Ligand SMILES: N[C@@H](CCC(=O)N[C@@H](CS)C(=O)NCC(=O)O)C(=O)O
């Protein structure tokens, strides 16, 4: 389960080399940022399956706790036996395939694959355009992120103001990817997403990979600008509440 090289040229998916020394307290261990959308996907699946795990909060500025890995992004998942898995959607598949195997594997269900890709390529970018729609909302978001994530005290202020500025630029560039203005676009993407929800979940009666991946992305904006669009959506709001119940991630 590998794909094109990404950060620091490490492949995504399951890695050949075991890293048992990175396991904390003998439990599956997730290296993450507290507010990261991709990490919420994994937290939701682990919660849904009742899997106990250790969490290592990585410092977003220096990524000290992740220096050992060639993959420079979070989440990184290290199973109790030291198996390292990179990249959120690959991690979802890995955890499911080693557990109940409740959802189809990559390549077996084009619908699930489509909506899992949508979570990163469309939904993730759509929420960034809304959260960072103005300089005010950007600084607000960075104020929240720098309080919740594991920033060192010294880098908190600089990240709030400089990060706010940088993320405003990122928000602008994300907005350019879509024809509609950010709020209208997010509403439109939620409308499209609703077509994939079959009854209770994308997976029907039980959530599949598409549910966990899209829920994770939206969960990361819960305390930020624009979440009212999710809360007021006639289909997605109910699905979101069901995913909260299912995963225990509120
Ligand atoms: N495709 C990756 C994206 C992960 C990602 O971009 N994570 C961000 C945090 S939200 C990160 O680690 N950024 C740090 C960096 O790129 O240096 C996934 O789905 O896991």
Query raised in the report: Among the residues of region 52-69, is there at least one that is in contact with a helix residue (DSSP H, G or I) (Cβ under 6 Å, 6 or more places away or on another chain) and more than 16 Å from the ligand (Cβ to nearest atom)?
Result: yes
Report summary line: Considering region 58-75, residues that are free of Cβ contacts under 8 Å to residues at least 24 places away in the same chain and farther than 14 Å from residue 36 by Cα, and then whichever is surrounded by the fewest Cβ atoms within 10 Å (Cβ to Cβ), we arrive at 67
Report summary line: Expected output for region 208-228 (first residue assigned by TED's automatic domain parsing to the domain that holds residue 48, partner away from the ligand (no atom under 16 Å from the Cβ) and modelled with pLDDT of 95 or more, Cβ below 8 Å, 6+ apart or cross-chain) is none
Query raised in the report: Quick one: would you say residue 81 is over 20 Å from residue 44 (Cα atoms), away from the ligand (no atom under 13 Å from the Cβ) and not in a helix (DSSP H, G or I)?
Result: yes
Query raised in the report: Would region 107-115 turn up any residue that is under 14 Å from the mean Cα position of the chain (by Cα) and crowded, with 16+ Cβ neighbours inside 10 Å?
Result: yes
Report task. From (1) away from the ligand (no atom under 12 Å from the Cβ); (2) touching a helix residue (DSSP H, G or I) at 6+ places or on another chain (Cβ under 9 Å); (3) closer than 30 Å to residue 22 by Cα, pick out the condition that doesn't hold for residue 114. Result -> (3)
Query raised in the report: Looking at (1) over 25 Å from residue 47 (Cβ atoms); (2) in a helix (DSSP H, G or I), which is the only condition residue 177 fails?
Result: (2)
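The values are calculated or read from the model by the stated rules, or taken from the named source; none is laboratory data. Note that the structure is a prediction, hence the values are computed from the model and not measured. Backbone-built Cβ (ideal geometry, glycine too); neighbour counts: all protein chains shown.
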